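J.: Let me give you the structure first, and then I'll get to my questions.
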């Protein structure tokens with residue numbers, strides 16, 4: 001039987017499964033600087049806050065959530081509002097399947113359609129695999145904040161990567177919320193295209 005691979009918008013009902021993936025990163029890695037695993041309710045509230053404006057995606061392999069990715073606000077000041085940050089987490093069981101690539105391509109295109117111009121990703125360093133991943137997707141290395149965090153007995157840096165989504169124009173139109181894009185159905189073709197990245 002052929003394996004079923006699906007990328008879709010997350011729902012709040014996915015919170016527990018998504019947190020199950022994220023908790024392993026919190027407890028056992030320096031990929032995230034978060035140290036304590038949030039409660040499911042707190043995590044659900046976090047999802048709801050982000051999903052009010054930005055895309056939050058999950059990947060299902062044969063009905064099991066294999067990973068998730070989302071965009072979020074880059075900065076609080078108004079002039080930042082055409083930029084966004086990206087985050088992606090894949091269950092260890094599904095590493096090296098092209099899921100992260102599919103997520104990033106999908107997020108970049110959805111955000112472009114929402115009217116965003118630039119996306120950023122912060123990578124805790126050293127992390128050669130993630131650094132190579134972002135470089136392969138044409139992100140530009142902006143430099144490292146050295147020794148900016150301490151977790152699991154080591155000082156860590158964060159290297160920031162940047163990807164331009166569209167030509168920079170004077171007087172850019174305001175971005176639209178993800179709800180508007182969803183209401184217009186302006187995203188389903190993105191999933192069909194990027195699911196082909198999954199092995």
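The values are calculated or read from the model by the stated rules, or taken from the named source; none is laboratory data. If you're wondering where the values come from, they're calculated on a predicted model, not measured in any experiment. A quick note on method: Cβ atoms are made from the backbone with ideal geometry, for glycine too, and the neighbour counts reach across all protein chains shown.
J.: Quick one: how many residues across the stretch 34-64 are in contact with a strand residue (DSSP E or B) (Cβ under 6 Å, 6 or more places away or on another chain) and assigned to a loop (DSSP other than H, G, I, E, B)?
T.: Of the residues in the stretch 34-64, 2 are in contact with a strand residue (DSSP E or B) (Cβ under 6 Å, 6 or more places away or on another chain) and assigned to a loop (DSSP other than H, G, I, E, B).
J.: Here are some conditions: (1) modelled with pLDDT of 95 or more; (2) surrounded by fewer than 19 Cβ atoms within 10 Å (Cβ to Cβ). Residue 102 meets all but one. Which one does it not meet?
T.: (2)
J.: Against the definition (closer than 21 Å to residue 26 by Cβ, surrounded by 18 or more Cβ atoms within 10 Å (Cβ to Cβ) and under 16 Å from the mean Cα position of the chain (by Cα)), how does residue 88 come out, yes or no?
T.: yes
J.: Counting only residues that are within 18 Å of the chain's Cα centre (by Cα) and without any contact (Cβ under 8 Å) to a residue 60 or more places away in the chain, how many does the stretch 174-191 have?
T.: 1
J.: Looking at 8, 97, 49, 53 in this structure, which one is more than 16 Å from the chain's Cα centre (by Cα) and modelled with pLDDT of 95 or more?
T.: Step by step, each of 8, 97, 49, 53 is checked, and only 97 is more than 16 Å from the chain's Cα centre (by Cα) and modelled with pLDDT of 95 or more.
J.: Return yes or no: is residue 80 under 18 Å from residue 161 (Cβ atoms) and out of contact with any helix residue (DSSP H, G or I) (no Cβ under 9 Å at 6 or more places or on another chain)?
T.: yes
J.: Please specify each residue of the stretch 65-111 satisfying the condition of being assigned to a helix (DSSP H, G or I), touching a residue at least 12 places away in the same chain (Cβ under 8 Å) and in contact with a strand residue (DSSP E or B) (Cβ under 9 Å, 6 or more places away or on another chain).
T.: Taking the stretch 65-111 and keeping what is assigned to a helix (DSSP H, G or I), we get 78-80, 92-94, 99-111.
Checking which are touching a residue at least 12 places away in the same chain (Cβ under 8 Å) leaves us with 92-94, 99-111.
93, 94, 99, 100, 102, 103, 104, 106, 107, 108, 110, 111, listed by residue number.
J.: Would you mention how many residues in the stretch 139-157 are touching a residue at least 12 places away in the same chain (Cβ under 8 Å) and over 16 Å from the mean Cα position of the chain (by Cα)? Walk me through it before giving the result.
T.: Taking the stretch 139-157 and keeping what is touching a residue at least 12 places away in the same chain (Cβ under 8 Å), we get 139-145, 149, 151-152, 154, 156-157.
Among the residues that remain, those that are also over 16 Å from the mean Cα position of the chain (by Cα) are: 140-145, 149, 151-152, 154, 156-157.
So the count comes out to 12.
J.: Still on this structure, please answer the following. Which residue out of 145, 133 is modelled with pLDDT of 95 or more and part of a helix (DSSP H, G or I)?
T.: Being modelled with pLDDT of 95 or more and part of a helix (DSSP H, G or I) holds for just one of 145, 133, which is 133.
J.: Taking the stretch 155-190 only, how many residues are buried (at least 17 other Cβ atoms within 10 Å of the Cβ) and in contact with a helix residue (DSSP H, G or I) (Cβ under 9 Å, 6 or more places away or on another chain)?
T.: Total meeting the criteria: 9.
J.: Check the stretch 115-125 and report whether any residue there is assigned to a strand (DSSP E or B), at pLDDT below 95 and touching a strand residue (DSSP E or B) at 6+ places or on another chain (Cβ under 6 Å).
T.: Yes - at least one qualifying residue is present in the stretch 115-125.
J.: How many residues does the stretch 57-68 contain that are surrounded by 18 or more Cβ atoms within 10 Å (Cβ to Cβ) and under 17 Å from residue 192 (Cβ atoms)?
T.: Total meeting the criteria: 4.
J.: Residues being in contact with a helix residue (DSSP H, G or I) (Cβ under 8 Å, 6 or more places away or on another chain) and without any contact (Cβ under 8 Å) to a residue 40 or more places away in the chain: count how many of those fall in the stretch 40-63.
T.: Within the stretch 40-63, residues that are in contact with a helix residue (DSSP H, G or I) (Cβ under 8 Å, 6 or more places away or on another chain) and without any contact (Cβ under 8 Å) to a residue 40 or more places away in the chain number 5.
J.: Restricted to the stretch 19-39, and to residues that are without any contact (Cβ under 8 Å) to a residue 60 or more places away in the chain and touching a helix residue (DSSP H, G or I) at 6+ places or on another chain (Cβ under 8 Å), which residue is surrounded by the fewest Cβ atoms within 10 Å (Cβ to Cβ)?
T.: 36
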